[in-house]
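Taking it in order: structure first as C-alpha coordinates, then the write-up.
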Amino acid sequence: MGLIFLGASEAQKRTQAPILAQGNIMRLIFLGPPGAGKGTQAAILAQELNIPHISTGDLLRSAIAQKTALGILAQAYLESGELVPDALIMAMMGERLAEFDALGGWILDGFPRNLSQAQALDRLLQILGQSHPQAVNFNVATESLIAKMLQRGRKDDNENLIRRRLEVYQEKTTPLINFYKQRRCLIDIDGNLTPEAVSQSIREKLSLAVPV
Ligand code: ADP
(Lines give C-alpha, C1' and ligand atoms only; values in the text may rest on other atoms or scores of the structure.)
Protein backbone atom coordinates (compact mmCIF):
# COMPACT_ATOMS: atom_id res chain seq x y z
CA MET A 1 0.00 0.00 0.00
CA GLY A 2 1.48 3.34 -0.97
CA LEU A 3 0.48 6.25 1.18
CA ILE A 4 1.64 9.78 0.75
CA PHE A 5 1.12 12.12 3.64
CA LEU A 6 1.13 15.77 2.78
CA GLY A 7 2.11 18.17 5.53
CA ALA A 8 -0.33 21.00 6.20
CA SER A 9 1.85 23.49 4.38
CA GLU A 10 2.05 21.26 1.30
CA ALA A 11 -1.71 20.85 1.23
CA GLN A 12 -2.18 24.57 1.75
CA LYS A 13 0.20 25.37 -1.10
CA ARG A 14 -1.90 23.18 -3.36
CA THR A 15 -5.18 24.89 -2.49
CA GLN A 16 -3.61 28.28 -3.00
CA ALA A 17 -1.76 27.37 -6.18
CA PRO A 18 -4.40 28.40 -8.72
CA ILE A 19 -4.58 31.90 -7.28
CA LEU A 20 -0.89 32.49 -6.57
CA ALA A 21 0.15 31.04 -9.93
CA GLN A 22 -1.61 33.88 -11.74
CA GLY A 23 0.98 36.28 -10.39
CA ASN A 24 -1.80 38.80 -10.49
CA ILE A 25 -3.15 38.97 -6.99
CA MET A 26 -6.27 41.08 -6.73
CA ARG A 27 -6.43 43.30 -3.70
CA LEU A 28 -9.44 45.52 -4.11
CA ILE A 29 -11.13 48.16 -2.00
CA PHE A 30 -14.73 48.88 -2.93
CA LEU A 31 -15.64 52.47 -2.15
CA GLY A 32 -19.07 54.00 -2.41
CA PRO A 33 -22.00 55.26 -0.36
CA PRO A 34 -24.23 52.89 1.60
CA GLY A 35 -26.77 51.32 -0.77
CA ALA A 36 -24.55 51.72 -3.86
CA GLY A 37 -24.59 47.98 -4.52
CA LYS A 38 -20.95 47.43 -3.66
CA GLY A 39 -21.73 44.51 -1.34
CA THR A 40 -23.58 42.69 -4.13
CA GLN A 41 -20.80 43.37 -6.63
CA ALA A 42 -18.09 42.43 -4.13
CA ALA A 43 -19.79 39.08 -3.51
CA ILE A 44 -20.07 38.31 -7.24
CA LEU A 45 -16.48 39.23 -8.09
CA ALA A 46 -15.03 37.52 -5.02
CA GLN A 47 -16.72 34.30 -6.04
CA GLU A 48 -15.46 34.57 -9.61
CA LEU A 49 -11.91 35.24 -8.46
CA ASN A 50 -12.05 32.74 -5.62
CA ILE A 51 -10.89 35.29 -3.08
CA PRO A 52 -12.59 36.32 0.18
CA HIS A 53 -15.15 39.13 0.27
CA ILE A 54 -14.41 40.91 3.52
CA SER A 55 -17.24 43.16 4.68
CA THR A 56 -16.56 45.02 7.91
CA GLY A 57 -20.30 45.62 8.35
CA ASP A 58 -20.96 41.84 8.16
CA LEU A 59 -18.05 41.05 10.50
CA LEU A 60 -19.38 43.58 13.02
CA ARG A 61 -22.98 42.37 12.77
CA SER A 62 -21.80 38.81 13.32
CA ALA A 63 -19.69 39.89 16.34
CA ILE A 64 -22.78 41.62 17.75
CA ALA A 65 -24.96 38.53 17.19
CA GLN A 66 -22.35 36.35 18.91
CA LYS A 67 -21.99 38.85 21.76
CA THR A 68 -18.21 38.87 21.53
CA ALA A 69 -16.27 41.64 23.32
CA LEU A 70 -15.90 43.42 19.97
CA GLY A 71 -19.62 43.05 19.29
CA ILE A 72 -20.57 44.48 22.67
CA LEU A 73 -18.26 47.46 22.16
CA ALA A 74 -19.38 48.06 18.57
CA GLN A 75 -23.16 47.72 18.95
CA ALA A 76 -23.99 51.29 20.00
CA TYR A 77 -22.10 52.70 17.01
CA LEU A 78 -23.97 50.57 14.49
CA GLU A 79 -27.26 51.48 16.13
CA SER A 80 -26.52 55.19 15.78
CA GLY A 81 -24.95 55.14 12.30
CA GLU A 82 -21.58 56.37 13.60
CA LEU A 83 -18.24 54.81 12.78
CA VAL A 84 -16.89 52.19 15.17
CA PRO A 85 -13.57 53.51 16.64
CA ASP A 86 -10.56 52.94 14.38
CA ALA A 87 -8.63 50.92 16.99
CA LEU A 88 -11.39 48.28 17.15
CA ILE A 89 -11.70 48.14 13.38
CA MET A 90 -7.94 47.83 12.89
CA ALA A 91 -7.67 45.04 15.45
CA MET A 92 -10.46 43.18 13.64
CA MET A 93 -8.96 43.76 10.18
CA GLY A 94 -5.43 42.95 11.29
CA GLU A 95 -6.67 39.52 12.33
CA ARG A 96 -8.82 39.00 9.26
CA LEU A 97 -6.15 39.95 6.72
CA ALA A 98 -3.60 37.71 8.40
CA GLU A 99 -5.83 34.65 7.87
CA PHE A 100 -4.64 32.13 5.35
CA ASP A 101 -7.40 32.68 2.78
CA ALA A 102 -6.44 36.36 2.54
CA LEU A 103 -2.95 35.61 1.22
CA GLY A 104 -4.20 35.20 -2.34
CA GLY A 105 -6.07 38.49 -2.51
CA TRP A 106 -9.33 39.96 -1.25
CA ILE A 107 -12.10 42.45 -1.79
CA LEU A 108 -12.68 44.85 1.07
CA ASP A 109 -16.22 46.18 1.40
CA GLY A 110 -16.85 48.95 3.94
CA PHE A 111 -13.21 49.43 4.88
CA PRO A 112 -11.26 51.70 4.98
CA ARG A 113 -13.89 54.27 5.84
CA ASN A 114 -11.76 57.29 6.77
CA LEU A 115 -8.25 58.56 6.11
CA SER A 116 -6.71 57.20 9.27
CA GLN A 117 -8.04 53.71 8.47
CA ALA A 118 -6.57 54.00 4.95
CA GLN A 119 -3.18 54.95 6.39
CA ALA A 120 -3.38 52.17 8.97
CA LEU A 121 -4.24 49.72 6.17
CA ASP A 122 -1.09 50.84 4.31
CA ARG A 123 1.00 50.09 7.39
CA LEU A 124 -0.71 46.74 7.91
CA LEU A 125 -0.08 45.69 4.30
CA GLN A 126 3.54 46.70 4.62
CA ILE A 127 3.89 44.47 7.69
CA LEU A 128 2.18 41.61 5.82
CA GLY A 129 4.47 42.19 2.82
CA GLN A 130 1.53 42.86 0.51
CA SER A 131 1.42 45.43 -2.26
CA HIS A 132 -0.91 48.43 -2.51
CA PRO A 133 -4.54 47.68 -3.20
CA GLN A 134 -6.59 49.05 -6.08
CA ALA A 135 -9.71 51.07 -5.27
CA VAL A 136 -12.99 50.73 -7.15
CA ASN A 137 -15.27 53.71 -6.64
CA PHE A 138 -19.04 53.33 -7.14
CA ASN A 139 -20.67 56.55 -8.32
CA VAL A 140 -24.38 56.50 -7.62
CA ALA A 141 -27.06 59.21 -7.70
CA THR A 142 -27.76 59.94 -4.04
CA GLU A 143 -31.55 60.16 -4.52
CA SER A 144 -31.77 56.45 -5.27
CA LEU A 145 -29.72 55.37 -2.26
CA ILE A 146 -32.30 55.82 0.50
CA ALA A 147 -34.99 53.96 -1.45
CA LYS A 148 -32.57 51.13 -2.24
CA MET A 149 -31.56 50.74 1.39
CA LEU A 150 -35.15 50.76 2.61
CA GLN A 151 -35.84 47.91 0.14
CA ARG A 152 -32.96 45.90 1.60
CA GLY A 153 -34.95 45.65 4.83
CA ARG A 154 -31.95 45.17 7.10
CA LYS A 155 -32.59 45.78 10.81
CA ASP A 156 -30.37 48.88 10.85
CA ASP A 157 -31.99 50.33 7.73
CA ASN A 158 -34.53 52.79 9.15
CA GLU A 159 -34.67 56.17 7.47
CA ASN A 160 -32.99 58.32 10.16
CA LEU A 161 -30.15 55.88 10.52
CA ILE A 162 -29.71 55.71 6.75
CA ARG A 163 -29.54 59.51 6.53
CA ARG A 164 -26.92 59.59 9.27
CA ARG A 165 -24.86 56.87 7.53
CA LEU A 166 -24.97 58.91 4.32
CA GLU A 167 -23.78 62.03 6.17
CA VAL A 168 -20.97 60.09 7.81
CA TYR A 169 -20.01 58.72 4.38
CA GLN A 170 -19.89 62.24 2.86
CA GLU A 171 -17.86 63.63 5.71
CA LYS A 172 -15.46 60.79 6.54
CA THR A 173 -15.24 58.45 3.56
CA THR A 174 -15.35 60.64 0.43
CA PRO A 175 -11.81 62.04 1.11
CA LEU A 176 -10.58 58.51 0.34
CA ILE A 177 -11.58 58.98 -3.30
CA ASN A 178 -8.85 61.62 -3.70
CA PHE A 179 -6.45 59.68 -1.54
CA TYR A 180 -6.54 56.73 -3.95
CA LYS A 181 -6.90 58.94 -7.04
CA GLN A 182 -3.65 60.71 -6.23
CA ARG A 183 -2.01 57.34 -5.95
CA ARG A 184 -3.36 56.57 -9.46
CA CYS A 185 -5.01 53.38 -8.36
CA LEU A 186 -8.66 54.42 -8.48
CA ILE A 187 -11.14 53.00 -10.95
CA ASP A 188 -14.45 54.84 -11.35
CA ILE A 189 -17.60 52.82 -11.93
CA ASP A 190 -21.06 54.06 -12.86
CA GLY A 191 -23.16 52.38 -10.19
CA ASN A 192 -26.46 53.60 -11.66
CA LEU A 193 -26.52 50.85 -14.30
CA THR A 194 -28.14 47.42 -13.92
CA PRO A 195 -26.24 45.02 -11.63
CA GLU A 196 -25.14 42.99 -14.70
CA ALA A 197 -23.82 46.08 -16.48
CA VAL A 198 -22.01 47.20 -13.33
CA SER A 199 -20.36 43.75 -13.02
CA GLN A 200 -19.35 43.90 -16.65
CA SER A 201 -17.83 47.33 -16.33
CA ILE A 202 -15.85 46.35 -13.22
CA ARG A 203 -14.43 43.34 -15.07
CA GLU A 204 -13.51 45.43 -18.10
CA LYS A 205 -11.85 48.13 -16.06
CA LEU A 206 -9.91 45.57 -14.09
CA SER A 207 -9.18 43.75 -17.39
CA LEU A 208 -10.56 40.46 -16.25
CA ALA A 209 -11.75 37.84 -18.65
CA VAL A 210 -15.52 37.71 -18.89
CA PRO A 211 -16.83 34.32 -17.75
CA VAL A 212 -18.88 32.47 -20.39
P1 ADP B 1 -23.67 50.16 4.60
O2 ADP B 1 -24.14 48.97 3.83
O3 ADP B 1 -24.75 51.05 5.04
O4 ADP B 1 -22.51 50.86 3.97
P5 ADP B 1 -22.07 48.57 6.46
O6 ADP B 1 -22.69 47.25 6.58
O7 ADP B 1 -20.84 48.71 5.62
O8 ADP B 1 -23.17 49.62 5.99
O9 ADP B 1 -21.72 49.18 7.90
C10 ADP B 1 -22.73 49.29 8.90
C11 ADP B 1 -22.15 49.99 10.11
O12 ADP B 1 -21.03 49.26 10.62
C13 ADP B 1 -21.61 51.40 9.86
O14 ADP B 1 -22.64 52.36 9.89
C15 ADP B 1 -20.62 51.55 11.01
O16 ADP B 1 -21.28 51.80 12.23
C17 ADP B 1 -20.03 50.16 11.11
N18 ADP B 1 -18.82 50.01 10.25
C19 ADP B 1 -18.66 49.19 9.19
N20 ADP B 1 -17.43 49.30 8.66
C21 ADP B 1 -16.78 50.21 9.42
C22 ADP B 1 -15.48 50.78 9.38
N23 ADP B 1 -14.59 50.44 8.44
N24 ADP B 1 -15.17 51.70 10.32
C25 ADP B 1 -16.03 52.06 11.27
N26 ADP B 1 -17.28 51.59 11.37
C27 ADP B 1 -17.66 50.66 10.46
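Can you tell me the orientation of helix 159-168 relative to the chain, as the angle in degrees between its alpha-carbon axis and the longest Cα principal axis, to the nearest 10?
70 degrees
Just to confirm, what accessible area per residue do you get for the chain at 1.4 Å probe, in whole Å²?
55 Å²
Relative to the longest principal axis of the chain, what angle (0 to 90°, nearest 10) does the C-alpha long axis of helix 115-128 take?
Roughly 10 degrees, rounded to the nearest 10.
Amide H of Leu31: which non-local residues (sequence gap of 5 or more, or other chain) have their own amide H closer than 5 Å, using H built in the peptide plane?
Correct list: Val136, Asn137, Phe138.
Given points 7 Å out from each Cα along the Cα-Cβ axis, report the Asp86 to Glu167 separation in nanometres with one decimal.
About 2.2 nm separates the two model spin labels.
Of the listed pairs Lys155/Lys181; Lys67/Lys205; Lys38/Lys67, which have alpha-carbon separations greater than 31 Å here?
Long pairs (Cα-Cα over 31 Å): Lys155/Lys181; Lys67/Lys205.
Report ³J(HN,Hα) in whole Hz for each residue of region 32-44, in order, from the Karplus equation J = 6.51 cos²θ - 1.76 cosθ + 1.60 where θ = phi - 60°; Gly and Pro get x.
3J(HN,Hα) across region 32-44, in whole Hz: x, x, x, x, 7, x, 6, x, 4, 5, 4, 5, 5.
Longest span of the chain, sites excluded, free of trypsin sites (Lys or Arg not before Pro) in DSSP loop with at most 16 other C-beta atoms within 10 Å?
68-153
Using the Kirkwood formula on the Cα atoms of the chain, what hydrodynamic radius do you get, in angstrom to one decimal?
18.4 Å is the Kirkwood radius here.
Enter the angle in degrees (range 0 to 90, nearest 10) between the Cα long axis of helix 56-65 and the first principal axis of the Cα atoms of the chain, meaning the one along which they spread out most.
Here the helix axis deviates by roughly 90 degrees.
Of all the accessible heavy-atom surface of region 141-192, with the other protein chains kept in place and a 1.4 Å probe, what percent is carbon and sulfur?
47 percent
Could you tell me which residue out of Leu208, Ala98, Ser55 lies farthest along the dipole of the chain toward its positive end? Charges go on the beta carbon: Lys and Arg +1, Asp and Glu -1, centred on the Cα centre.
Ala98
The values are calculated or read from the model by the stated rules, or taken from the named source; none is laboratory data. Everything numeric in this text was worked out from a predicted model, so none of it was measured. All Cβ positions, even for glycine, are placed from backbone atoms using ideal geometry, and neighbour counts span all protein chains on display. Protein only, heavy atoms only, side chains kept; ligands, DNA and RNA dropped before computing areas. Shrake-Rupley method; radii C 1.70, N 1.55, O 1.52, S 1.80 Å.
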